Amino acid sequence: WETGTSRERAAHLARVRAHDPAAGRALLADGAWLEARAAEREQILAALSTGLGPQDEALLEARLDDRAESVRRTAADLLRRLPSSAFIRRTEALARAHVVVTKRFLRTPRVELLPVALTDELARDRYPARAHRASAALTRALEMVARVPTGRWRRLVGLSAVELLEAEVRCEGQRTDLSEALTRAALQWEDGKLASALVDRAPTATATRLVALLDTPDRDAFIDRLVAAGHCLQAAATCEAWPLTLSPKHSGLIARCIVEAAAPSRRASERSLLTALGGLLPGRCAPEAVEDALAILGAAPAEALQTSDMRTIMTALELRRELLGMTNQE
């Protein structure tokens with residue numbers, strides 16, 4: 001801590017906080033680190049993410065006034081992860097004033113998302129001053145939605161986060177989609193129920209992160225919906241979030257996805273899924289489904305069977321079958 005480089009000092013702080021957050025804060029108590037260059041202050045502040053807790057709020061709140069933008073941004077990113085912080089209370093107050101709900105009989109609620117004007121306090125809390133694809137006032141309103149802890153929406157406006165997602169939302173006279181903002185919130189607060197409502201709307205990379213939040217019934221239902229719609233490759237793209245041991249049903253699905261991805265007509269980007277799938281199926285296949293998976297793969301077109309990826313996958317599955325046979329014999 002006394003003699004290291006900026007990276008070494010930040011790494012040391014993170015190691016200390018991993019087992020004693022208070023001892024980590026004690027290293028910062030004399031304020032000497034505030035005289036370091038902006039890049040070092042940012043690295044040290046970011047290290048507080050290890051062991052982050054309510055006791056860090058005062059230190060982080062003070063850094064919202066740091067002379068460097070990167071440090072202010074890091075402080076805000078950490079404060080938004082503290083649900084009991086004044087930072088989050090200011091966000092909730094903003095939501096009460098700018099989310100107007102009208103409930104309707106036998107119809108989804110109507111929500112008016114009022115534009116958020118920039119004030120000195122909001123600028124300090126890192127709400128954007130400008131935007132590219134929408135008005136800055138709408139962008140700030142969406143940022144507000146993304147910051148609210150998802151479990152608090154009903155207390156704030158009378159709707160749950162899922163009901164807010166499904167509501168008819170308008171801002172500045174235009175229909176407004178809250179999916180992206182609520183996706184950020186679901187990931188931030190690890191809200192599986194909201195993730196389940198969002199996963200069908202999300203781009204593939206984001207859907208993979210949302211799938212990781214789903215409980216087993218919701219995850220299986222999502223996979224089944226993709227298969228029913230014929231979106232096997234999209235299902236395969238989320239497979240890293242699937243369980244370590246697949247069900248027999250999903251073992252067969254992965255085998256069919258491999259056959260589909262290996263088709264000569266597929267684009268290179270789609271065929272690249274073979275690498276991920278090849279590392280998944282042999283190790284995670286349900287033991288009782290190994291024979292069926294090999295049969296599905298063996299029925300692939302001859303050209304697909306000649307690819308090195310397909311041969312590797314089948315060889316690995318055959319070895320798995322042999323190992324299972326040896327175990328059963330014992």
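The values are calculated or read from the model by the stated rules, or taken from the named source; none is laboratory data. Predicted model, so just to flag it, every value in this text is computed and none were measured. Neighbour counts are summed over all protein chains in view; Cβ atoms, including those assigned to glycine, are modelled from backbone coordinates with ideal geometry. Protein only, heavy atoms only, side chains kept; ligands, DNA and RNA dropped before computing areas. Shrake-Rupley method; radii C 1.70, N 1.55, O 1.52, S 1.80 Å.
Looking across the range 115-170, just one residue is under 25 Å from the mean Cα position of the chain (by Cα), closer than 16 Å to residue 98 by Cα, among the small types (Gly, Ala, Ser) and modelled with pLDDT under 95, and that is 136. Residue count for the range 301-330, restricted to those that are at pLDDT 90 or above and open to solvent by less than 40 Å² (accessible area, probe 1.4 Å): 4. Within the range 31-46, is there a residue that is over 16 Å from residue 12 (Cβ atoms), without any contact (Cβ under 8 Å) to a residue 12 or more places away in the chain and open to solvent by less than 30 Å² (accessible area, probe 1.4 Å)? Yes: the range 31-46 contains one or more residues that are over 16 Å from residue 12 (Cβ atoms), without any contact (Cβ under 8 Å) to a residue 12 or more places away in the chain and open to solvent by less than 30 Å² (accessible area, probe 1.4 Å). Taking the range 180-212 as the range and being under 17 Å from residue 169 (Cβ atoms) and crowded, with 18+ Cβ neighbours inside 10 Å as the test, the residues that pass are 181, 182, 183, 185, 186, 194, 197, 198.
Can you pull out every residue in the range 306-330 that is in contact (Cβ under 8 Å) with a residue 12 or more places away in the chain and not basic (Lys, Arg)? Matches in the range 306-330: 307, 309, 310, 312, 313, 314, 316, 317, 318, 319, 324. Within the range 282-312, the set of residues being closer than 18 Å to residue 244 by Cβ and part of a helix (DSSP H, G or I) comprises 282, 283, 284, 287, 288, 289, 290, 293. Consider the range 55-111 and keep the residues that are of a type in the set (S, T, N, Q), under 30 Å from residue 175 (Cβ atoms) and modelled with pLDDT of 95 or more. The one that is most open to solvent (accessible area, probe 1.4 Å) is 102.
Scanning the range 280-300 for residues that are without any contact (Cβ under 8 Å) to a residue 40 or more places away in the chain and exposed (fewer than 15 other Cβ atoms within 10 Å of the Cβ) yields a count of 4.
Being of a type in the set (A, V, I, L, M) and closer than 17 Å to residue 276 by Cα holds for only one residue in 197, 235, and it is 235.
Only residues that are of a type in the set (Val, Ile, Thr) and open to solvent by less than 20 Å² (accessible area, probe 1.4 Å) were counted in the range 213-265, giving 4.
Of the candidates 130, 73, the single residue that is assigned to a loop (DSSP other than H, G, I, E, B) and of a type in the set (Lys, Arg) is 130.
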